[in-house]
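The values are calculated or read from the model by the stated rules, or taken from the named source; none is laboratory data. All of these numbers come straight from a predicted model, not from anything done at the bench. Here the Cβ positions follow ideal geometry from the backbone for every residue, glycine too, while neighbour counts run over all protein chains shown. Protein only, heavy atoms only, side chains kept; ligands, DNA and RNA dropped before computing areas. Shrake-Rupley method; radii C 1.70, N 1.55, O 1.52, S 1.80 Å.
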Amino acid sequence: MNLNPFRKKASSNRVNGLRSLLLSMGNSPNDISLPENDKNCSRNSTEEAGQSLSTIALRASLNSSSDILSHRSLNRRHQMLIAETIHDESKSLVLKSRLDKSYCDTLTDQESLAYFVQYMESCGSISKHLIRLWVQLDCFQRFSVECQPCDQEQFKSDAEGIWEKFLANGRYSTLGIDEKIINVIDRKLNKSSSNKIDNNIFDELTKWLVKHMEEKYFTGYTKSYFHCKYQVTLLTSGDLRLPDVLYHDRTLFYFMEYMDHESMNNYVDFLVMGQNCRKSECTREDLLILFRRFFNPESQHYLDMSDSVRYHTEEAVKRGDEKCFDKAMSILIQYLSETFFPQFLSSQTFFSFLDESIRALHLSSEESSHRQRHDSGKSDHSSASPRVSSSSFADNSDKSSNQKNLHEDIDVIWKRNCDTDLQMATVDQYGKVFSHFLPDPRGEESTNSFSLSKAVKIFRNNSVDEKMQEDYAYRVAQRIVNDIRTVTEFSNTWSRNAPSS
């Protein structure tokens, strides 16, 4: 037993000092004061105090109901102290959103790839066979890596199956594949022994196919119903992460609006600008400007991070390291992911964005269905490619029947019912415009099909008073025009009937 009263007093003061630190976290850093005796012993108990503060910081980072432990009750300096304490350096830094996947990421991610495949199959016969060919080639490539000597016969059988299904008998020309690529594959198949085949036999074809789909189809996919459905599925999956929101233009707008109310917009600005520095080739001067903006204590955008983080970042900036802000960004992303981001997902701001996305999905679904009905006679809606019937993959005996059906479809065009008024508006003698898209006087129940008048009616926001004022102004203008016409006609009549001098 230690009976030294001075050591007991020092230990007691140290505990009281930590308690005072916890209770004063919501105040200014200059208002925090430790007992005098604790200042003398704090240098010798760094590890013990650091361990205690780590436990306190971890609890404070959670969304506790206690006002003392809630991160919202803490000033920025103490929040950054907590952020650095709970930071896990073993976690990788993610600086891209899954809501806005690149073309390569779409092909390698199973979830997004499923929606891209659905889009390609919905575009027509050509795109459907292109994506199915790519899937077959991707599986073939994966199998070639894991292929054992005993599997060579199966490996060759798969290669011949791809050739017969997609490339043989001129099918490659329907898909737009270069004949030179096909000739190379044909030679390798013919030269292969009974049990061995070149693992790279389809490499050139795969490269061409990946490039072709990106140039011709991926942009359309990003604007399609299927991509919108993928985004809404991710937003409602419960697996949404902070980088998904930070690095996607639409969601970033809503998140910045929320964080602005929390007075944390400077931290979001830093995370966005830091990611831009990683994406672009920034010079050392550019990095220095960004450092002075967020790590200079005199700047109004100062992040209040510790001196150790600031010194580490400064040294990396001087070296011109493009990853100079990675440590600070990792600290902030992990901290915001545990504190403000869950609250954002439960906020009205996020629900408004989610409602907007779901409405966009329904609208995109209606447009997609409408387009499919009108494009049912087309094999591919790409304007750059010629029309090719799906019978290119069938027997040549079907060509005559397909041509006959095509002529019948053309004849149907001239037999359409054109009783509807095709004029959008008319103008009377007084200059008033009468729209032909006003509601049908028979009522909306007279037709079950979608009409443009219904869509226009949704956006009519004129009040009854405004309509009455318009009618009144029109009647006044009509009387003025009639008076002018009367005077003009009388003057012309008098001039014609006046006796000549």
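Tell me which residues, restricted to the stretch 201-222, are among the acidic types (D, E) and open to solvent by less than 60 Å² (accessible area, probe 1.4 Å).
Once the filter is applied, which keeps residues that are among the acidic types (D, E) and open to solvent by less than 60 Å² (accessible area, probe 1.4 Å), the stretch 201-222 yields only D203.
So that you can scan it fast, the table gives a plain yes or no per residue for (1) more than 25 Å from K128 (Cβ to Cβ); (2) within 25 Å of the chain's Cα centre (by Cα); (3) open to solvent by 20 Å² or more (accessible area, probe 1.4 Å):
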residue	(1), (2), (3)
L167	no, no, no
T174	no, no, yes
I177	no, no, no
I185	no, no, no
S224	no, yes, no
K229	no, yes, yes
V232	no, yes, no
G238	yes, yes, yes
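Just one of the numbered conditions (1) open to solvent by less than 30 Å² (accessible area, probe 1.4 Å); (2) in contact (Cβ under 8 Å) with a residue 24 or more places away in the chain is not true of V268; which one?
Only one criterion is unmet by V268, namely (2).
Among V145, V135, which is the only one that is open to solvent by 70 Å² or more (accessible area, probe 1.4 Å) and part of a helix (DSSP H, G or I)?
The conditions single out V145.
What pairs can you find where one residue is in the stretch 71-92 and without any contact (Cβ under 8 Å) to a residue 40 or more places away in the chain, the other is assigned to a helix (DSSP H, G or I), and their Cβ atoms are less than 6 Å apart, with a gap of 6+ or different chains?
Taking only residues 6 or more apart or on different chains, the pairs are T85/S54; T85/A57.
When the stretch 299-341 is examined, which residues are found to be closer than 21 Å to S92 by Cβ and open to solvent by 40 Å² or more (accessible area, probe 1.4 Å)?
Those that are closer than 21 Å to S92 by Cβ and open to solvent by 40 Å² or more (accessible area, probe 1.4 Å): H312, D321, E322, K323, K327, S337, E338.
Identify the single condition in (1) open to solvent by 50 Å² or more (accessible area, probe 1.4 Å); (2) of a type outside the set (F, W, Y); (3) within 27 Å of Q343 (Cβ to Cβ) that C104 does not satisfy, given that it satisfies every other one.
Only one criterion is unmet by C104, namely (3).
Name the helices (runs of 4 or more DSSP H) wholly within the stretch 168-281 that hold at least 1 residues that are of a type in the set (G, A, S), at pLDDT below 90 and farther than 27 Å from A114 by Cβ?
In the stretch 168-281, the matching helices (runs of 4 or more DSSP H) lie at 171-174.
Residue-by-condition table, conditions (1) buried (at least 17 other Cβ atoms within 10 Å of the Cβ); (2) at pLDDT 90 or above:
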residue	(1), (2)
L58	no, no
S64	no, no
D67	no, no
H71	yes, no
L74	yes, no
M80	yes, yes
E89	no, yes
V94	no, yes
R98	yes, yes
